[in-house]
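Some notes on the structure that comes next.
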Amino acid sequence: MTVKTTKIRIHYCTQCQWQLRSVWMAQELLASFSDDIDQVILQPGTGGVFEIWVDETCIWERKKDGGFPSAKELKVRVRNCAFPEKPLGAHLENQPTQDL
C-alpha cells in the first residue's frame, strides 16, 4: 500500500465570501485525486487572498493568475505538480486549456 503524502491547501478570503468556491474546488479535487492525496485543507484568510498550494508549491494565486481557475485548469495544475504520470481522462486531456 502506497502512503499518501500530498497535501493541497486552499487559502481563501472570508471577507470576499469565497468559502463556497473553495469548498467546491476541494470537492472537485477529492473527486479526481481521492486515491492520491492525503489532505485537502481549507485555510480562511483576509485581504482578497485566494491561493492553491500543493505541498510547498503555489500552483494558483488569484492576483497573479488573474481570477479563479476552472475545474479543469485546477486539476491539470495539481496533476502536473504532484502526479505527472496520472492521466486525467479523455474528457479533460483532449480539451484545450484556455489561457487565464
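The values are calculated or read from the model by the stated rules, or taken from the named source; none is laboratory data. Predicted, not measured: the structure shown is a model, and the values here were computed from it. Using ideal geometry, Cβ is built from the backbone for each residue, glycine included, and neighbour counts are taken over all protein chains shown.
Descriptive notes on the structure:
- Of all residue pairs spaced 6 or more apart or on separate chains, those with beta-carbon atoms under 8 Å, a first member in the stretch 50-66 that is under 19 Å from Asp38 (Cβ atoms) and a second member that is among the small types (Gly, Ala, Ser) and at pLDDT 95 or above are Val54/Ala82; Asp55/Ala82.
- Total residues in the stretch 1-32 satisfying the condition of being surrounded by fewer than 12 Cβ atoms within 10 Å (Cβ to Cβ) and of a type in the set (Asp, Glu): the figure is 0.
- Filtered residue count, the stretch 52-92, keeping only those that are in contact with a helix residue (DSSP H, G or I) (Cβ under 6 Å, 6 or more places away or on another chain), modelled with pLDDT of 95 or more and either surrounded by fewer than 16 Cβ atoms within 10 Å (Cβ to Cβ) or in a strand (DSSP E or B) (or both): 4
- The numbered conditions (1) surrounded by 14 or more Cβ atoms within 10 Å (Cβ to Cβ); (2) part of a strand (DSSP E or B) are all true for Asp38 except (1).
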